[in-house]
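The values are calculated or read from the model by the stated rules, or taken from the named source; none is laboratory data. Note that the structure is a prediction, hence the values are computed from the model and not measured. For neighbour counting, all protein chains shown are included, and Cβ atoms are generated from backbone atoms with ideal geometry for every residue, glycine included.
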Amino acid sequence: MSEVLRTALRCLAFSSFVLVLALAWDVSGALAQTPSPDEINRVAKMLSCPTCAGINVADCPTETCAQWRAKIGELLAEGKTDQEILEYFAARYGDHVLQVPPTRGFFLGVWIVPILAILAGLGTFGYLVHRWTQRSVVREIPAVPGDIVEDEYVRRVEQELQLWQKK
Amino acid sequence: MAADLGYVALLLAFVLSVFAALAAWWGERRRTIELVFSARNSVLAVAGLLTLAVLIELFLLLSGDFRVMYVAQVTNRAMPAFFKLTALWGGQAGSLLFWSWLMALFAAAAVLGGWQRTRLLIPKVIVVTQLTLAFFLSLISGIWALLASPLEALGMPASAALMSEMETLTPFYQLKFTPVDGNGLNPLLRHWGMIIHPPLLYLGFVGFVIPFAFAVAALSTRQTGDLWIRVIRRWTLVAWLFLSMGLLVGMWWAYGVLGWGGYWGWDPVENAALMPWLTGTAFLHSVIIQERRGMFKVWNMVLIMVTYGLVIFGTFLTRSGVVSSVHAFAQSGVGPLFLGFVAATFVASVLLLFTRLDSLRSENALDSWVSREAVFLLNNVLFLAIFFVTFWGTIFPVISELLAGQKAIVGPPFFNQVNGPLFGLLVLTMGIAPLMPWRRASPGKLARLLVWPVLAGLATTLGLLAVPTLRQFAILPGTSLRIVPVTAFYGLLVFTLVVIGQEFWRGTRTRRRAVGEAYWTALVNLVRYNRRRYGGYLVHLGVVLIALGVIGTQFFKVETQRNLARGESFTITSPLTGTYTVTYEGLSASIVAEDVRRTAAVLKITREGQFVGLLQPGQDFFIAQEQAMTTPAMHHSLAEDLYIILAGWEDGGVTATFKAYVEPLINWLWIGGLVFILGTAMAVWPTPVEERRIAVATSASGRVVTARS
């Protein structure tokens, strides 16, 4: 009987020890994972305020954004990655809460169209310059002894001095 | 009574502006000089009438006549008189009235100023400016409400309702009753930055209408020679100067007031002002090639037309709210009318251009890739690319919602990532262009001019790469950009800086040799007699300094947020000057104005143990609007700003939350802005030589009608 009791007590002691250990572990884990405001802001910067135009969640003073920041804190504490948190908000509230639309479907146009336009612009520039330089008769500029650019300066300086003296 | 008088003045101005446009057009077509005179006098009368309307509006605002809806919307009893006056541009109707008034003054000045020299162009200038003005006046004079009953009869009740609402958009619209008090001005606008920002932008916007009017006049009369280009040069520079100042002041205001530690958010409204600036800057550059080499004539026409379109589009973006939501667009008749006007003027411009292509033949061809013309063309391509990226990012949410039915936001990361490298290339062309001669560069000479700038640039890049502490800071959030592009950019800036310095040095040395002046006198006279060229270099110097600040804040900004109990402190480490310690000493309350209460935190700042000063970031509470506004506190130095905001507090200030930013090199942005403005002002300032050139161009055009008035 006493043997059974002793074993039972021992088991109880051990299990409560384990429980306390586990609790301590859990608490310390949670403490270690409480995200700092800076970590929250890092994610919040990538989200747009849902109610006001043109401001991100980190900089927004509204109550909604304060709640969102708290939610980001919770999700970070759960060990979610930045990307998962962004997906969480996008799935819940729509893609327009992201600072930059996700790179899929129609939204790819955000990036593709300007890049194509820039390439087209540079291509046109290259083509035009090429064609124009081909078309113009290649004339060798006669080699003037001395400094051409500075001669140009001297000429203009003198010309303007003359104008000035005439006044 | 006063409001009725103002309304009559507005209505008369509208009628006369339409008359002026018709009379000028008809007078030119029928060669009836009397009609052109009549049109000119109407232009002057419109300017006078709108001046009267503005004065009456100011009187109403100052006297607090809340029966006038606009007065009740933007002022209240408690507001200081000064803010009551500036409330003229604090709301939609007032802004449009203000815009129209400036437009009328500019048009009158252009017509009077060009009357002698450009008589043949003036009728069309009157047509364009007065039609633009008439459109704006139609929005605020309630004219469109007349369409309401016909539309109703046609079975379009929704459009009819929109049009009848237009009646309330006049700044003189009177309510059926007199409210006890008005709503008051948005607290954000009660800052001197926001007081001068809109007028500067509007001056810039309106200013660009004048070069456009001359361009259209030159096209339609086939006077596409040198004359119009020379006449508009100063108008364009003045418009550009105001637009640049408007943008800079806007950035300065955003930084000092909005309290998020930034100055540019790629917001649709900001982009609306930036876009005409970009195309206008491209125009300013490429027009030089037309002056010097008679090339790119069609391109210049396209640029000024696009700029005009963007000016109207910009006013539309700011005023219609279309970008924040497509639905806002249909809530007022202003949006559809603006879009219609932009589309109509654009189509008309393109048609005109196509029918006149034959008169825009290039006088010269391009000689070489390595020439100033080619670099200028590349500069134009880059400006246009940045414009397109900005335009696309701004309107994409609208396109996405309309075409795909999906809401989207295109935020700063997109603009920074795509436009950033383009701006870098632009700085490169800015650095190289002064070294490039017209037509064709000789390789040996170019190489000789490049030696010092390239060496200096490389030394900067390599030197910065060797600084270990820079590495850990140079990370742009959300990108994989690291230290190399940053140091390369700084190298590029130094390269450009040395090129500009070299240009001043070469000019001074040449002048010293040629005229025998001392260095200092030679430098002063060099700049004095070549204001446009050296003013331009000063503008470039300003851009380099601005870029210094922009890169500093984009890549090296440090920020942190902390909650402190009284007596506690936190640290924030600057990449340049060391570690700041910020200690929270407590909260204080004060009365800023009759209707504004401030709560401020007292913070003791030390850096590396040295006492720096006390900062008092706070929150202003505007009683009438029940709105709180953060007021950042800053410690300025040439190296950086320490920028702190009070984000909130608990238990009457036992604990408080702060956001702190270290903004490296930010003040170079503002210094660069001043240099930029100084350089532009110098280039704008008239020189006697320039006057003579215009006279020569006038007599060369050969068909000048002798003045009769």
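A few comments on the model shown:
- Out of B:V612, B:V675, one residue alone is more than 28 Å from the chain's Cα centre (by Cα) and modelled with pLDDT of 90 or more. It is B:V612.
- Hits in segment B:634-662 - residues which are over 18 Å from B:G262 (Cβ atoms), small (G, A, S), outside any helix (DSSP H, G or I) and touching a residue at least 60 places away in the same chain (Cβ under 8 Å): B:S637, B:A639, B:A656
- Taking the criterion of being in a helix (DSSP H, G or I) and modelled with pLDDT under 90, the residues of segment B:308-324 that qualify are B:F313, B:G314, B:T315, B:F316, B:L317, B:T318, B:R319, B:S320.
- When segment B:506-525 is filtered for residues that are in a helix (DSSP H, G or I), more than 10 Å from chain A (Cβ to nearest Cβ) and among the hydrophobic types (A, V, I, L, M, F, W, C), the ones remaining, listed by number, are B:W520, B:L523, B:V524.
- Restricting attention to segment B:331-358 and to residues that are in contact (Cβ under 8 Å) with a residue 40 or more places away in the chain and loosely packed, with under 15 Cβ neighbours inside 10 Å, the residue that is farthest from B:E167 (Cα to Cα) turns out to be B:L357.
- Residue tally, condition of a type outside the set (G, A, S) and more than 28 Å from the chain's Cα centre (by Cα), over segment B:481-533: 28
- Restricting segment B:646-657 to residues that are surrounded by fewer than 23 Cβ atoms within 10 Å (Cβ to Cβ) and not hydroxyl-bearing (S, T, Y), the residue that is nearest to the chain's Cα centre (by Cα): B:A647
- Filter pass, B:A272 being within 13 Å of the chain's Cα centre (by Cα), in a helix (DSSP H, G or I) and not assigned by TED's automatic domain parsing to the domain that holds B:M634: yes
- In segment B:417-439, the residue that is surrounded by the fewest Cβ atoms within 10 Å (Cβ to Cβ) out of those that are in contact with a Ser or Thr (Cβ under 8 Å, 6 or more places away or on another chain) and not hydrophobic (A, V, I, L, M, F, W, C) is B:Q417.
- B:P413 vs. criteria of a type outside the set (A, V, I, L, M, F, W, C), in a helix (DSSP H, G or I) and either within 26 Å of the chain's Cα centre (by Cα) or not assigned by TED's automatic domain parsing to the domain that holds B:G309 (or both): yes
- The set of residues from segment B:137-173 being aromatic (F, W, Y) and either surrounded by fewer than 17 Cβ atoms within 10 Å (Cβ to Cβ) or more than 19 Å from B:V74 (Cβ to Cβ) (or both) comprises just one member, B:W144.
- Segment B:447-457: number of residues that are surrounded by fewer than 19 Cβ atoms within 10 Å (Cβ to Cβ) and within 10 Å of chain A (Cβ to nearest Cβ): 1
- Members of segment B:395-415 found to be more than 7 Å from every other protein chain (Cβ to nearest Cβ) and modelled with pLDDT of 90 or more, listed by number: B:F415
- Scanning segment A:79-120 for residues that are among the acidic types (D, E), more than 13 Å from B:V410 (Cα to Cα) and in contact with a helix residue (DSSP H, G or I) (Cβ under 8 Å, 6 or more places away or on another chain) returns A:D82, A:E84.
- Which numbered condition B:Q625 fails, given (1) under 27 Å from B:L185 (Cβ atoms); (2) modelled with pLDDT of 90 or more: (2)
- For A:A70, the conditions (1) among the aliphatic types (A, V, I, L, M); (2) within 10 Å of chain B (Cβ to nearest Cβ); (3) free of Cβ contacts under 8 Å to residues at least 24 places away in the same chain all hold with the exception of (2).
- Segment A:105-129, residues that are more than 7 Å from chain B (Cβ to nearest Cβ) and modelled with pLDDT of 85 or more: A:L108, A:G109, A:W111, A:I112, A:I115, A:L116, A:L119, A:A120, A:G123, A:T124, A:G126, A:Y127
- Of all residue pairs spaced 6 or more apart or on separate chains, those with beta-carbon atoms under 8 Å, a first member in segment B:169-190 that is touching a residue at least 12 places away in the same chain (Cβ under 8 Å) and closer than 18 Å to B:L10 by Cβ and a second member that is among the acidic types (D, E) and surrounded by fewer than 21 Cβ atoms within 10 Å (Cβ to Cβ) are B:F172/B:D4; B:Y173/B:E167.
- Any hit, segment B:247-258, residues being within 14 Å of chain A (Cβ to nearest Cβ) and over 17 Å from the mean Cα position of the chain (by Cα): yes
- Criterion (part of a helix (DSSP H, G or I), touching a residue at least 24 places away in the same chain (Cβ under 8 Å) and either on the phi < 0 side of the Ramachandran plot or surrounded by 19 or more Cβ atoms within 10 Å (Cβ to Cβ) (or both)) met by exactly one of A:L86, A:L108: A:L86
- Of the criteria (1) within 13 Å of chain A (Cβ to nearest Cβ); (2) surrounded by fewer than 16 Cβ atoms within 10 Å (Cβ to Cβ); (3) farther than 24 Å from B:W240 by Cα, which one B:R528 fails: (3)
- All conditions in (1) farther than 24 Å from B:F504 by Cβ; (2) more than 7 Å from every other protein chain (Cβ to nearest Cβ); (3) at pLDDT below 90 hold for B:S371, with the sole exception of (1).
- Of the listed requirements (1) at pLDDT 90 or above; (2) assigned to a loop (DSSP other than H, G, I, E, B), B:R117 misses just one: (1).
- Residue in segment B:219-231 that is touching a Gly at 6+ places or on another chain (Cβ under 8 Å) and within 25 Å of B:R361 (Cα to Cα) present: yes
- Under the condition of being crowded, with 21+ Cβ neighbours inside 10 Å and in a helix (DSSP H, G or I), the residues counted in segment B:663-677 number 6.
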